[in-house]
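J.: If you scroll down you'll find the structure; I have some questions about it.
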Amino acid sequence: MSGTTPLGRLHAKYAEISLRDDRDLTPDDRRSLLYYRADITPEQSSMESGSGPALWVRRIRELDAFVARAGRMPRENNRLPRAHISVAERRAAAWVRDQRKAIGLQQLVSYQIERLDCVPGYSHSPLDERWNARRDTYRDFTVTRGHAPAYRSIDQAERSLAAWADKQRMYYWKKTLPDRRVRSLEQLPTWTWGSRPPTQ
C-alpha cells in the first residue's frame, strides 16, 4: 500500500509504532496494533480468522469495496422501499452507524478510528457536517448580499436558505436546538432569532 494514500500513511505510522519497545506502548497502542496487524494480513487469511480484530477488518474491507464500486458511502433511506437498497448496502450502512455510536461511547481504539477516516466520504458526524455546510452557505449569502435570504426571492436557492433559517429559529424557540448550534448561529454577522412565535 502506497505511503501517499491515507491508508498507506496510516500503515506506515503503525509500522513505526510496532517497532517500539513494549514498555513505551500505551494500552491503546497495544490494542491498535492488533487491528493494524489484522489489516495488513492478506485478505484470505483475515477472512479465515475468527478474532475480533480480523472480523472488524473484514467489515471495513467490505465497506472499502462498496465505496470503490458505488463511488459513495452506503446510505440508509427509510423513505425508499426496502427492496430498493441492496442487503449489502443496508448491512454496510448499519455497520457504519454502529461504528459512529461506538466512537461516541469511546469503545474503539485509535487505529479503528483512524482507519475509518481512510474510507473516502466517511464522516464521524455527517449530520453536523451537513448542518455546518448549510450554516456556512447562509453566512456567505449574508456577507455577499448584505441581507438575510428572503422567502419572496425568485431564486430557489435563496428561498431554501430562508426556510432553513426559519427552521433553526423554530427549533430555538422550542428549545430543541443544541447549544453548540445556538452559539454558532449567534456568531453570524446578521443573525437574529426574531420574535417568539405565539404559543398554540
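The values are calculated or read from the model by the stated rules, or taken from the named source; none is laboratory data. Since this is a predicted model, take the numbers as computed values, not measurements. Positions of Cβ are generated from backbone atoms using ideal geometry, with glycine treated the same way; all protein chains shown enter the neighbour counts. The accessibility values were calculated without ligands, DNA or RNA, using every heavy atom of the protein model including side chains. Shrake-Rupley method; radii C 1.70, N 1.55, O 1.52, S 1.80 Å.
J.: With the full set of protein chains in place, find how many percent of the accessible area of the chain is carbon and sulfur; take the probe as 1.4 Å.
T.: Working: 6730 of 12910 Å².
Answer for the chain is 52 percent, counting heavy atoms of protein chains only.
J.: Please work out the average accessible area per residue across the chain, using the 1.4 Å probe convention, and give it in Å².
T.: Working: 12910 Å² over 200 residues.
Averaged over the residues of the chain, the accessible area is 65 Å².
J.: How much accessible area does M170 have with a 1.4 Å probe, in Å² rounded to the nearest 10?
T.: 80
J.: Quick check: with the 1.4 Å probe, what order do Y111, Y122 take by accessible area, largest first?
T.: These residues rank, largest area first, as Y122, Y111.
J.: Follow-up question, since we're still on this one. If I take every Cα pair under 8 Å that is 6 or more residues apart in the chain, average their sequence separation and divide by the length, what percent do I get for the relative contact order?
T.: On the way: 130 pairs, mean separation 28.2, N = 200.
14 percent.
J.: In the stretch 1-32, which trypsin sites (Lys or Arg not before Pro) are in a loop and have at most 11 other Cβ atoms within 10 Å, using DSSP for the loop call? Numbers along the way, then the final one.
T.: Values: sites: R9, K13, R20, R23, R30, R31; in loops: R20.
Here the sparse-neighbourhood loop sites are R20.
J.: Taking 7 Å along the Cα-to-C-beta vector as the label spot, tell me the D136-A12 distance in nanometres, rounded to one decimal.
T.: 2.7
J.: Sorted by accessible area (1.4 Å probe), largest first, how do H147, H11 line up?
T.: Working: H147 85, H11 25 Å².
Order by accessible area, largest first: H147, H11.
J.: Tell me the volume per residue, in Å³, of the convex hull enclosing the alpha carbons of the stretch 64-200. Mind showing how you got there, number by number?
T.: Values: hull volume 26.0 nm³, N = 137.
With only Cα atoms used, the stretch 64-200 gives 190 Å³ per residue.
J.: Could you work out how far helix 27-40 tilts from the main Cα principal axis of the chain, as a 0 to 90 degree angle to the nearest 10?
T.: Taking the Cα atoms of the chain, the angle to 27-40 is about 80 degrees.
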